[in-house]
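What follows is a set of notes on a single structure, which appears directly below.
The values are calculated or read from the model by the stated rules, or taken from the named source; none is laboratory data. None of the values given here were measured: they were computed from a predicted structure. Cβ: placed from backbone, ideal geometry, glycine included. Neighbour counts: every protein chain shown.
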Amino acid sequence: MISSKRITLKDFSKVTGISVSAVSRILNNKPTYCSEQKRQEVLALAKAWNYRPNVGYRIMTGMSTKIVAIIFSQDRVTYSEFLMHLMVQMVSALESEGYASYTAVMTPSAEQNLEKLLELERKGCRSFILIGHPVGSYQMVEFIKQRDFAYIGLNLSYKIDQEVTSSNFDKSFYLDESAAIAAYLQIFKERQKNNYRLLTTESYFQSKVLPLAGSSQQADDFRARLQKVPEFEFSDQGGFDAQYEAGFEAACRALELDPGLEALVCVTDFHALGAAHYLHGQGRKIGDEVLVCGMFNTVAVRFSLLPIISARFNLQNLAKLMLKHLFDNQTIVQSVKPEIIIPRRSQT
């Protein structure tokens with residue numbers, strides 16, 4: 001029987017009669033010349049003694065650890081209700097499997113971001129979850145691969161000459177917001193809401209809306225329907241108020257330009273809330289006269305008195321998929337389709 005003192009590999013060696021190095025390889029799931037019976041004996045002792053490896057030693061020697069880094073590409077990403085809930089799901093799933101985690105937010109400097117990766121490595125991180133496309137993301141992934149560490153991405157891409165490329169990394173999931181927009185346009189068509197506007201940022205329009213155009217004529221039509229809102233900016237006071245105000249003002253401009261407005265696609269739920277409140281204040285019946293669509297089915301929209309159509313991505317399934325593929329060696333480039341949520345008051 002082992003006492004309450006810290007258990008070492010020598011204790012395993014004394015009980016099993018095999019070398020310390022062989023014990024170490026068995027506990028690290030590496031091949032040895034030991035019999036299967038001896039291997040099972042070591043694993044049984046580890047379970048009976050509730051053995052935990054010396055993490056500090058593993059970090060100092062560069063060995064594998066059960067420490068994962070969750071990396072956000074930029075500060076504004078941390079304001080996303082959807083991504084914060086996804087992180088909670090991931091941390092919970094990691095903890096259930098005995099993993100610890102760090103979180104980090106990247107900067108506008110590729111050099112500083114590589115320094116942050118090095119610091120995370122020094123802290124023992126051997127697996128990386130990358131959310132968004134940080135500056136220098138290509139170099140970051142190359143760094144991770146050279147170290148033979150595990151990684152998985154969400155909406156991970158990289159820039160060449162300031163343009164986001166269409167190239168994909170070999171391990172990433174992509175939220176298919178374009179599929180949600182296509183579904184909204186189909187709903188407009190079915191309900192004969194042909195007079196619609198697109199309340200989005202220019203970058204969002206380029207990346208999510210224009211790919212839906214089947215011809216240059218349709219691309220021109222989308223461009224004619226674009227009602228621009230400012231690019232996202234966040235501060236300590238939060239960015240949701242700014243998004244709400246931007247949606248409110250954009251709806252005001254859209255209605256002034258076209259009093260017969262029948263539908264809106266908004267870049268976020270908070271833009272949609274602002275737009276819906278403005279239109280409601282002008283006597284327009286939301287969900288009947290005018291359909292308003294947002295994105296990510298936030299709490300604010302779910303409990304809104306005005307019926308706003310939105311898109312929901314399954315958090316639990318996404319977290320499970322990402323963690324499953326984080327630790328395997330398979331290539332995975334997969335889009336994640338949303339579920340369109342239509343409030344009952346907008347279903348007729």
What strands (runs of 3 or more DSSP E), lying completely within segment 256-348, carry at least 1 residues that are over 22 Å from Phe205 (Cα atoms) and modelled with pLDDT under 95?
332-336
Top-ranked residue of segment 213-244 - restricted to ones that are within 20 Å of Thr78 (Cα to Cα) and in a helix (DSSP H, G or I), ranked as modelled with the highest pLDDT
Tyr244
Qualifying position, being over 35 Å from the mean Cα position of the chain (by Cα), modelled with pLDDT of 80 or more and assigned to a helix (DSSP H, G or I), among Ala93, Ala46:
Ala46
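Each row is one residue, and each column tells you yes or no for (1) within 23 Å of His85 (Cβ to Cβ); (2) under 17 Å from the mean Cα position of the chain (by Cα).
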| site | (1), (2) |
| --- | --- |
| Leu257 | no, no |
| Val290 | no, no |
| Ala300 | yes, no |
| Leu326 | yes, yes |
| Thr331 | no, no |
| Ile342 | yes, no |
Going by the conditions given, is Arg197 outside the structural domain of Gln74 (by TED's automatic domain parsing), assigned to a strand (DSSP E or B) and either over 16 Å from Cys266 (Cβ atoms) or charged (D, E, K, R) (or both)?
yes
Got at least one residue in segment 288-310 being touching a Pro at 6+ places or on another chain (Cβ under 8 Å) and either touching a residue at least 60 places away in the same chain (Cβ under 8 Å) or basic (Lys, Arg) (or both)?
yes
Taking segment 259-285 only, how many residues are among the polar types (S, T, N, Q) and under 28 Å from the mean Cα position of the chain (by Cα)?
1
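Quick grid of which residues meet (1) of a type in the set (Gly, Ala, Ser); (2) outside the structural domain of Ala219 (by TED's automatic domain parsing); (3) assigned to a helix (DSSP H, G or I); (4) modelled with pLDDT of 90 or more:
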position	(1), (2), (3), (4)
Thr103	no, yes, no, yes
Pro108	no, yes, no, yes
Glu111	no, yes, yes, yes
Leu118	no, yes, yes, yes
Ile129	no, yes, no, yes
Phe143	no, yes, yes, yes
Gly153	yes, yes, no, yes
Ser157	yes, yes, no, no
Gln186	no, no, yes, yes
Does Ile187 qualify as being out of contact with any Pro (no Cβ under 8 Å at 6 or more places or on another chain), farther than 25 Å from Tyr79 by Cβ and in contact (Cβ under 8 Å) with a residue 40 or more places away in the chain?
yes
